[in-house]
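Single-structure report; data block below.
The values are calculated or read from the model by the stated rules, or taken from the named source; none is laboratory data. Please read these numbers as outputs of a predicted model, since none were measured by experiment. Note that we place each Cβ from the backbone using ideal geometry, even for glycine, and neighbour counts take in every protein chain shown. SASA here: full protein model, heavy atoms, side chains in, ligands and nucleic acids out. Shrake-Rupley method; radii C 1.70, N 1.55, O 1.52, S 1.80 Å.
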Amino acid sequence: MHHALFFHGETLHLMPSGALFWPARKLLTVSDLHLGKSERLARRGGTLLPPYETQATLEKLDRDLEATGAETVICLGDSFDDLAAFDRIEDSARLWLARLMAGRDWTWITGNHDPGPIEIGGTHRAEVHLAPFTFRHIAKPQETAEISGHYHPKARLAGQSKPCFLADRNRLILPAYGVYTGGLRSHDATLTALMDRDALAILTGPRALAIPMPR
């Protein structure tokens, strides 16, 4: 079950998967898919991960698109682990992604890992403004009505750490949507400096659960 958040005059659905759905716009937003991470790590001699993360992430995205009926999609950057990862993903994954994009208004926002896979189609932007919101990869401290990603926030509840949304009156930070991604604890100084004292952490999992942001 999603968490309904009233944010700058609009109702947003924070989904247990880590996606955000804006019903009034039929718009789905996801951040930090990091498709191809297992391939990139193997290529650079890092930790070997099971090579299924791209498929698992696309399966999750497919389910959310089907469940919401979204007609517009904004990916908030770091959609691929790097540009070489995009070049090396399997043809089946490329075809799957092309099918998900077909018939939808799809925007790739530039991340710090990837400048946007231009060959794959869609629109490519540094940020997107859809009143009242600005969508970008990395939060800017003085901005308001901002929706971003980048930090992969996590919060701990009952001894278990889970990816989470962070929300206050000014901004909303999405968790990483990719299935093989690390995270930054909500009590990290970078996040506590960005978020108000009364910020919420909305944990992902079987259902979206809102708690006071752990500091």
Identified option (computed Cα extents along the principal axes in Å; candidates (1) 45, 37, 32; (2) 81, 37, 27; (3) 56, 44, 31): (1)
The range 167-215 to the range 123-147: how many Å between their Cα centroids? 17
Output the 0 to 90 degree angle, nearest 10, between the alpha-carbon long axis of helix 91-101 and the longest principal axis computed from the alpha carbons of the chain. 50
Could you check how much of the accessible area of the range 110-215 is carbon and sulfur, as a whole percent, using a 1.4 Å probe? 52
Among DSSP beta bridges lying fully in the chain, give the percent that are antiparallel, nearest 5. 60
Does anyone have the angle between helix 53-68 and the longest principal axis of the chain? Alpha-carbon axes, 0 to 90°, nearest 10? 60
Once you charge only the Cβ atoms, +1 for Lys and Arg and -1 for Asp and Glu, what is the size of the charge dipole of the chain about its Cα centre, to the nearest 20 debye? 540
